[in-house]
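Down below is the structure, laid out as structure tokens.
No value in this document is a laboratory result; all are computed from the given coordinates. Note that the structure is predicted; figures quoted are calculated from it, not measured. For neighbour counting, all protein chains shown are included, and Cβ atoms are generated from backbone atoms with ideal geometry for every residue, glycine included.
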Amino acid sequence: MQRFRSAGALQRFVSVFSAVRNLFVPTRSKKTAIDVHLHRLRAIAHWRNAAGIAA
């Protein structure tokens, strides 16, 4: 397993990772599978819009 070369590299990764993870992973609660699926579809649409990728 690779390690981060510096604390700064780790901090940059964690800050980006947490923002992206919060977009794609719904909060923990009792949701149906279809609710989770729709949440992820909306998240991917937002991601593509922000990245300028055509659907």
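So, with +1 on the Cβ of K and R and -1 on the Cβ of D and E, and no other charges, what is the size of the charge dipole of the chain about its Cα centre, to the nearest 20 debye?
160 debye
State the answer as a single residue: which of Ser15, Trp47, Val36 lies farthest towards the positive end of the charge dipole of the chain, with beta carbon charges of +1 for Lys and Arg and -1 for Asp and Glu, about the Cα centre.
Ser15
For the chain, what does -39500 (n - 2.57) per DSSP helix run (n ≥ 4), summed and divided by total residues, give at 222 nm, in deg cm²/dmol to the nearest 500?
-23000 deg cm²/dmol
How long are the three semi-axes of the equivalent ellipsoid for region 7-51, computed from the Cα gyration tensor as the root of 5 times each eigenvalue, in whole Å, largest first?
25, 15, 5
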